[in-house]
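The values are calculated or read from the model by the stated rules, or taken from the named source; none is laboratory data. Since this is a predicted model, take the numbers as computed values, not measurements. Heads up, the Cβs are rebuilt from the backbone with ideal geometry, glycines too, and the neighbour counts pull from every protein chain shown. Heavy atoms of the whole protein, side chains included, go into the accessibility calculation; ligands, DNA and RNA do not. Shrake-Rupley method; radii C 1.70, N 1.55, O 1.52, S 1.80 Å.
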Amino acid sequence: MAAPPDMELSPALSLELLPTDPLLLILSFLDYRDLVSCCYLNRRLNQLSSHDPLWKRHCKKYWLISEEEKTRRNQGWRAIFISTYSDLGRYIHYYATLKKAWDDLEQYLGQWCPRMIGSLKESVREEDLDAVEAQIHCKLPDDYRCSFRIHNGQKLVVPGLMGSMALSNHYRSEDLLDIDTAAGGFQQRLGLKQCLPLTFCIHTGLSQYMALESVEGRNKYEIFYQCPDQMARNPSAIVMFITGTSYLEWFTSYVNKVVTGGYPIIRDQIFRYVHDKDCVATTEDITVSVSTSFLPELSSVHPPHYFFTYRIRIEMSKDALPENICQLESRYWRITNAKGDVEEVQGPGVVGEFPVISPGKVYEYTSCTTFTTTSGYMEGYYTFHCLSNKDRFFNVTIPRFHMVCPTFKVSTA
């Protein structure tokens, strides 16, 4: 049907006729890949997509470049994005997450564990990582490589970056291995085929490993503690206590636990005690809270022996009256395993001590227990006597706290 004679045909809409500001606004919503693609469509879009402020968001999102860093580099946003991408482009989906984790960890350590900062090693080059792959004849996952482009792990020192644990006759402190040391410990033996160590404790020889291939019942890039099967005929049979499904998840979840105060700092070290916020009980002016930890190096699946340590904190309110000063006399424990079997323990003091608790004072101690089941719980009470009235005894509740060993699987070796 023909157009009415009094109507004029509108001219075809042309990109060249559209105003610049709306086009720049549209381009500001594009991801970096689409922004690059626009460069090849026509001359106008090529000019607009090179508009420097468009690249600011991408520099901050993917490379965490600040205004101060831009000023220091004396480059535009687009130039910074391109130069960084040419170096780290293969890690673009991991870099911001891992860089933030490292930055947060360094800031936290600088405040709480300053001597640990000096143990961190500088980044490695791409060719160093390529050389390690050629040496072990196995590909490294990109999230692992990316982390080492930021920091090449840690020197073999104490304390270790990946956490400590101490009992009266046992000490563990795990270093995050640098790439060369890790490559030197790469395993090809039965039970640990194609497994790369991530951590190492110089006191116990304990390591956390990452599986670089799906062999012997492991999933690719799974991270675990090894545990020999003491009942297997084959001494290379390994049980795995799983600690992560990928390097990114393993490292960032640990860092988050550290920087949010989830792990306590004791004697300038990170201790891997986990505290349940609900595991707190207050009796009169005294509060008891508990943190727990599983020790894989002292545990076994076959035979079943699961070793846990717990840290008790006893604190009297600073607002308590001075005459409420009291001394711990004895303890009572009710210990229940996953089968419902109950053991009761009574005894004088705690770890051979009879602490005096006064207003504002805190007393902490560490002890341990084992289960033949993968989980269990403890609860009980302390008996105190009042120092201003030695005829007055009272019980202080210890809240129920649960202990559960990590997920584990048996190797097919």
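Summary table below
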item	result
3 or more residues assigned by the TED database to the domain that holds G360: qualifying strands (runs of 3 or more DSSP E) within the stretch 224-343	274-283, 286-294, 306-316, 326-337
Matching option when the condition is of a type in the set (A, V, I, L, M, F, W, C) and open to solvent by 70 Å² or more (accessible area, probe 1.4 Å), among L295, L321, L328	L321
Pick from the stretch 209-226, criterion open to solvent by less than 10 Å² (accessible area, probe 1.4 Å) and in contact with a Leu (Cβ under 9 Å, 6 or more places away or on another chain), ranking: farthest from E174 (Cα to Cα)	L212
Check on G347, open to solvent by less than 70 Å² (accessible area, probe 1.4 Å), assigned to a strand (DSSP E or B) and free of Cβ contacts under 8 Å to residues at least 24 places away in the same chain	yes
Odd one out for T374 among (1) within 34 Å of the chain's Cα centre (by Cα); (2) touching a residue at least 40 places away in the same chain (Cβ under 8 Å); (3) open to solvent by 70 Å² or more (accessible area, probe 1.4 Å)	(3)
Residue list for the stretch 236-290, filter: touching a helix residue (DSSP H, G or I) at 6+ places or on another chain (Cβ under 7 Å) and exposed (fewer than 15 other Cβ atoms within 10 Å of the Cβ)	D268
Elements of type helices (runs of 4 or more DSSP H) in the stretch 32-127, at least 3 residues being free of Cβ contacts under 8 Å to residues at least 40 places away in the same chain and under 30 Å from K257 (Cα atoms)	56-63, 67-73, 95-112
Meets criteria (in contact (Cβ under 8 Å) with a residue 40 or more places away in the chain, in contact with a strand residue (DSSP E or B) (Cβ under 9 Å, 6 or more places away or on another chain) and open to solvent by less than 60 Å² (accessible area, probe 1.4 Å)) for P303	no
Residues (open to solvent by 20 Å² or more (accessible area, probe 1.4 Å) and over 19 Å from F148 (Cβ atoms)) located in the stretch 198-208	I202, H203, T204, G205
Residue in the stretch 21-46 that is surrounded by the most Cβ atoms within 10 Å (Cβ to Cβ), counting only those that are closer than 21 Å to K61 by Cβ and of a type outside the set (A, V, I, L, M, F, W, C)	Y32
